[in-house]
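**Q** Quick one: the structure is below, questions incoming.
The values are calculated or read from the model by the stated rules, or taken from the named source; none is laboratory data. Predicted model only: the values in this text are computed from it and were never measured. Reconstructed Cβ throughout: ideal geometry from the backbone, glycine too, with neighbour counts over all protein chains shown. Ligands, DNA and RNA are stripped out before the accessible areas are found, and what is left, the full protein with its side chains, is counted by its heavy atoms. Shrake-Rupley method; radii C 1.70, N 1.55, O 1.52, S 1.80 Å.
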Amino acid sequence: AQSKQQEREKLLRDMHDGFGSQIATMRIMAEHGRISPEALPRHLEEISADLHLVVDTFANASDLTLASALADMRYRLRRRIEGEALRLHWSVDLPSPPPLDSTAILHILRIVQEAVNNAMHHGRPGNIWVDVDYITSEGTLRIAVRDDGVGSIDNVRRGRGLNNMETRARELGGSIRWRNHSPGVEVELVLHPDEGSGPPGPPA
């Protein structure tokens, strides 16, 4: 029973952070007249692709890597913001594949996705930077999402999205922090994949 409850909680988090976030974005764009009937099939296709990602992950797809998953996310996010006054900047430095299983990769994707969506919805930025670095000698993976919008961590409201990000970081044995960046906000996730699952990192 406990195992089933944990699986239900995982599914709820994935629905909120994945499909829920994308549907919320579509609703906001529709309310502001920023989505056309012609664009609707493309957005629905992205949600469908996201569903396949979750299914593949829970099926423990053996060919999934962090680099390929991030490349796919980059492509999908760029299609989502096509025509918007917003630029996404990606810097991915993965000299060798970090030892991550498919579930860990999904956790990382969801944290990045939630951070990007929060920046888009609340910060109204002109730029969002996603930086991924893996220091092989230290076994340290650092993922940061930063924007130049008007948001501030002082005005961040606690909700399911932020709680899910913290829960995912704990399950990864890492730590997550929010920082004001003047302008904008930076979300930083730090992991040590070589150490495997472990206790939560220091508090944010």
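**Q** Can you tell me how many residues in segment 96-122 are buried (at least 21 other Cβ atoms within 10 Å of the Cβ) and of a type in the set (Gly, Ala, Ser)?
**A** Adding up the residues that qualify gives 3.
**Q** Evaluate the following for residue 93: is it acidic (Asp, Glu), touching a residue at least 40 places away in the same chain (Cβ under 8 Å) and exposed (fewer than 15 other Cβ atoms within 10 Å of the Cβ)?
**A** yes
**Q** Being over 30 Å from residue 180 (Cβ atoms) and modelled with pLDDT of 75 or more is true for just one of 36, 3, 62. Which residue is that?
**A** So the residue among 36, 3, 62 that is over 30 Å from residue 180 (Cβ atoms) and modelled with pLDDT of 75 or more is 36.
**Q** Write out, first by first residue and then by second, each pair whose Cβ atoms fall under 9 Å of each other, whose residues are 6+ apart or on separate chains, and whose first residue, in segment 135-152, is over 18 Å from residue 189 (Cβ atoms) and at pLDDT 90 or above while the second is open to solvent by less than 10 Å² (accessible area, probe 1.4 Å) and not in a loop (DSSP other than H, G, I, E, B).
**A** Filtered contacts from segment 135-152: 148/123; 148/128.
**Q** If I go through segment 176-190 residue by residue, how many of them are open to solvent by 70 Å² or more (accessible area, probe 1.4 Å) and among the β-branched types (Val, Ile, Thr)?
**A** 0
**Q** May I ask you to list pairs of residues, at least six apart or on different chains, whose Cβ atoms are under 9 Å apart, with the first in segment 163-175 being without any contact (Cβ under 8 Å) to a residue 60 or more places away in the chain and open to solvent by 50 Å² or more (accessible area, probe 1.4 Å) and the second being assigned to a loop (DSSP other than H, G, I, E, B) and of a type outside the set (D, E, K, R)?
**A** Listed by first residue and then by second, the contacts come to 170/199; 170/200; 170/201.
**Q** What number of residues within segment 98-113 satisfy the criterion of being outside any helix (DSSP H, G or I), aliphatic (A, V, I, L, M) and closer than 14 Å to residue 132 by Cα?
**A** Total satisfying the criteria: 0.
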